[in-house]
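A quick write-up on the structure given underneath.
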Amino acid sequence: MIMKRLSIIILLFCCLMSAFVCCRQDDDKTGNGQENFIYIENGVFGLNGSDFYSVMLNYVVDYRCINDSFVVSPAKYYENANEYECNSIEGTKRQLSSHFCLIRDLGFNTVRICIDRFYSDDEGRYSYSTKEGRDFFIENDCNAILDGLQSLVDAATENNLRVMLLLKPCIDNRQLEKFNIAILKRFSSNPTVFAYDFMNEPLYFDRNIDGSNIMRDKEDAYRIVSSWKKLMSEYAPNQLLTIGFGGPLETLEWDPALLPVDFVQVHSYHPLYFKNEIWWYSHFVEKPWMIGETALPADNDSISYAEQSRYLTESFEYVADCGGSGYGWWEFQEMPDNHFEAQFGGLMTHSGYEFTSKGDTVIGTLKPAAKEISNLLTYQPKNAVRAVNYYNMIGYNNLVITGRIVDQDTKQPVEGAIIRGWNKNWSVGTNTYSDENGNFTLFTNDLFVHFEISAPKMSKVKFDKEIEYHQIDNSKEYRLDSLPAQDLEYHRVAYHTFLKDPDSRKNADKSFSIFDYDPAKFDKAKFSGSMGDIFLKKLICK
C-alpha cells in the first residue's frame, strides 16, 4: 500500500513538473528545446543560453520570372538604380548573397524582408507580379513561390543572418491564411527565420476593400491576432510572432499591450517623436519590444551625413537605455525618384564601390552612419531620461486643451493614456499622453473638435466636442479664427528649429546631439480650454 501511494505521488509530481515546463515554454517561447532558435526569456531575446540583441536592417526585394522559376531578387534600385545587375538565377543568388555579406560585415545580424507585396485581381485571386510580366498565384504556384523564398532564406543562412518575414495579414480570408500556413510549415524547422511580422502598422494599413480605413474595436483586433497566435503554435512553434506597430496611436484599435504577440516591434521616424514614442512603449507596454523601422534621411545637403550618423547612434543608444531588445533601420540603399524620406533613408549611395569580406564588389558607397553599427555593439546602457517635449512633441503653441483620464471603476488616475485630437476637416491631428495623475495637456495649432482617447488594456472613447477657450497669453490680442500656422502638421516640422543651438548640427564631431531641444519651446500657448474628466474601463479579452 505504501509503495502504491508513493508511486501515485511520484506520478502526480511528474505530471505537475511536465505541465510547469510546458507553461514556461509557451510563455517564454523557448523554442521547445530546439537549438539555434531565438526565444524570449525574462523579457529579452535569447540564443543557445546567451542574450541575443537583434540589430536589423530592412532589405527590399523584387520578384522575377527567370527560366520559368519564381526568383526573389534584390530590388531593381539597388546598385545600378535603373537596371538589374543579374538576369540569371545563379547570378541573382550571388548578388543577394553579396549584399547580405556586406550587411553582416557592418555588424547587423538580422534582415527584415517584406514579402507581403502581392495583390488580388478582379476575381479576388492573389499573386506576385514579376518584372517579366508573369503572375505567380499564391494558390496554384505556391510551391514555386516557396522555393524562391527558400533561396532567399538560404542566402541569409550562408551569411549568418537571421530573418524576419513580413506577411500579408490573413484577416478572415482563407486564401491568404492557407498561403501563410504554407510559409510557416516550410520554415518551421529553419532557425534562420526567427520571427514573423503578421501586419505592418495596422492602424494605417487596415483597409476595407475600397481602400478606406477600417474602424476596428480592440476586441476584434484581439480575435484576429489570437487566430494568428494559434497558427504559429500549430505550424511554427519555434518562431516568434510580432506586429510592426506604428506610434502609440495603435492603442486606439490594435492595442500592443493587449494583443497576444510574443514581442512588440515599433516603427518611429521623426526625431521630435522618436524618444517620446520609445519612452511610452518602454513604460506602458509590458512586453519585450524592439525597433523595427527608423531612419533619418540624409542627402548631405539639407540634412548632412553627420546628422544621420548622430541620429543612428543616439537612437540606438536610447533604445538600449530604455530596455529594448533590438534596433532596426530602414533601409539598405537609397531609393531614387521617390519622396525625400524614402530616397535618402538608405545607408548606401549609388556611386562608388564597396567590397565585402568575401571579396565581392557592391556598387555604391556606405554613408558614415552605416559604419557606426559595429561601434555600437558593445554599448553599455545607462539610465534613460524622458525627452523635454514628451507632452508637446512638435511644439504647437496656439492652443492647449487640458483634462484628466480616470479609471471608471476604481476612480484612480490613468497614466499613459493616448489623447488624440483632429481639426474640423480631419486634415491635422496630434496626440499627447496623460501623466501619473491622469492629467494631460494637448497642444494644438488649430481648433480641435474630433477626439479619440484610450489607454493600454482599456476601452476607447470617441466623440466630438467644441472646447471653450480663454486667452492666457496677454502679450497681444489674438483671434481664435486667425491664429498663425493652423494647418501645420508634423511632416513639415523640422527638428533643428527646436535645438538649443540650431547651428550645432553643422558640426560633425561627437558633441552634437540630435535630441538636445530647448524645453522653453514646448510649453507655450495663447489660449487654454478644459475637457474635464474622461472615464475609461479596463478591457478583458478572451
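Residue count for segment 224-235, restricted to those that are open to solvent by 10 Å² or more (accessible area, probe 1.4 Å) and touching a Pro at 6+ places or on another chain (Cβ under 8 Å): 2.
Please find, among S97, S151, S120, S88, the residue that is hydroxyl-bearing (S, T, Y) and modelled with pLDDT under 95. Full working, then the answer.
Working: S97 fails: modelled with pLDDT under 95; S151 fails: modelled with pLDDT under 95; S88 fails: modelled with pLDDT under 95.
Step by step, each of S97, S151, S120, S88 is checked, and only S120 is hydroxyl-bearing (S, T, Y) and modelled with pLDDT under 95.
Among the residues of segment 215-223, is there at least one that is open to solvent by less than 40 Å² (accessible area, probe 1.4 Å) and among the aliphatic types (A, V, I, L, M)? Yes, segment 215-223 contains a residue that is open to solvent by less than 40 Å² (accessible area, probe 1.4 Å) and among the aliphatic types (A, V, I, L, M).
Just so you know, in segment 491-518 the residues that are of a type in the set (K, R) and over 23 Å from R420 (Cα atoms) include one that is least open to solvent (accessible area, probe 1.4 Å), and it is R505.
Do we have any residue at all in segment 112-126 that's under 28 Å from T294 (Cα atoms) and more than 21 Å from the chain's Cα centre (by Cα)? Yes; the residues of segment 112-126 include at least one that is under 28 Å from T294 (Cα atoms) and more than 21 Å from the chain's Cα centre (by Cα). Within the bounds of segment 431-454, is there any residue that is touching a Leu at 6+ places or on another chain (Cβ under 9 Å), loosely packed, with under 14 Cβ neighbours inside 10 Å and part of a loop (DSSP other than H, G, I, E, B)? No - not one qualifying residue is present in segment 431-454.
Among the residues of segment 236-251, which ones are open to solvent by less than 10 Å² (accessible area, probe 1.4 Å), touching a helix residue (DSSP H, G or I) at 6+ places or on another chain (Cβ under 7 Å) and not in a loop (DSSP other than H, G, I, E, B)? Selection gives L241, I243, P248, E250. Residue count for segment 263-277, restricted to those that are touching a helix residue (DSSP H, G or I) at 6+ places or on another chain (Cβ under 8 Å), within 29 Å of A236 (Cα to Cα) and not hydroxyl-bearing (S, T, Y): 2.
Among the residues that make up segment 103-111, is at least one of them open to solvent by 10 Å² or more (accessible area, probe 1.4 Å), assigned to a helix (DSSP H, G or I) and either of a type in the set (A, V, I, L, M, F, W, C) or free of Cβ contacts under 8 Å to residues at least 24 places away in the same chain (or both)? Within segment 103-111 (the criterion being open to solvent by 10 Å² or more (accessible area, probe 1.4 Å), assigned to a helix (DSSP H, G or I) and either of a type in the set (A, V, I, L, M, F, W, C) or free of Cβ contacts under 8 Å to residues at least 24 places away in the same chain (or both)), the answer is yes, since at least one residue qualifies.
In segment 68-92, the residues that are under 18 Å from I113 (Cβ atoms) reach residues that are of a type in the set (V, I, T) and part of a loop (DSSP other than H, G, I, E, B) with C-beta atoms within less than 7 angstrom, at least six apart or across chains, in these pairs: A75/V60.
Taking segment 472-490 as the range and being surrounded by 10 or more Cβ atoms within 10 Å (Cβ to Cβ) and either within 30 Å of S309 (Cα to Cα) or out of contact with any Asp or Glu (no Cβ under 8 Å at 6 or more places or on another chain) (or both) as the test, the residues that pass are I472, D473, Y478, L480, P484, A485, L488, E489, Y490.
Cβ-Cβ distances below 7 Å connect the following pairs, each with a first residue in segment 314-326 that is closer than 18 Å to L57 by Cβ, a second residue that is open to solvent by less than 10 Å² (accessible area, probe 1.4 Å) and polar (S, T, N, Q), and a separation of six or more residues or different chains: S315/T294; S325/S54; G326/S54.
Residues of segment 231-246 that are more than 21 Å from R174 (Cα to Cα) and free of Cβ contacts under 8 Å to residues at least 60 places away in the same chain: F245, G246. Can you tell me which residue within segment 146-174, out of those that are part of a helix (DSSP H, G or I) and open to solvent by 30 Å² or more (accessible area, probe 1.4 Å), is farthest from A195 (Cα to Cα)? Applying the filter and picking the extreme gives R174.
Among the residues of segment 180-214, those that are in a loop (DSSP other than H, G, I, E, B) and more than 18 Å from the chain's Cα centre (by Cα) comprise F187, S188, S189, N190, P191, T192, N208, I209, D210, G211, S212, I214.
The values are calculated or read from the model by the stated rules, or taken from the named source; none is laboratory data. Source: prediction; values computed, not measured. Glycine also receives a Cβ, built like all others from the backbone with ideal geometry; neighbour counts cover every protein chain displayed. Accessible surface is based on the protein model in full, side chains and every heavy atom, while ligands, DNA and RNA are left aside. Shrake-Rupley method; radii C 1.70, N 1.55, O 1.52, S 1.80 Å.
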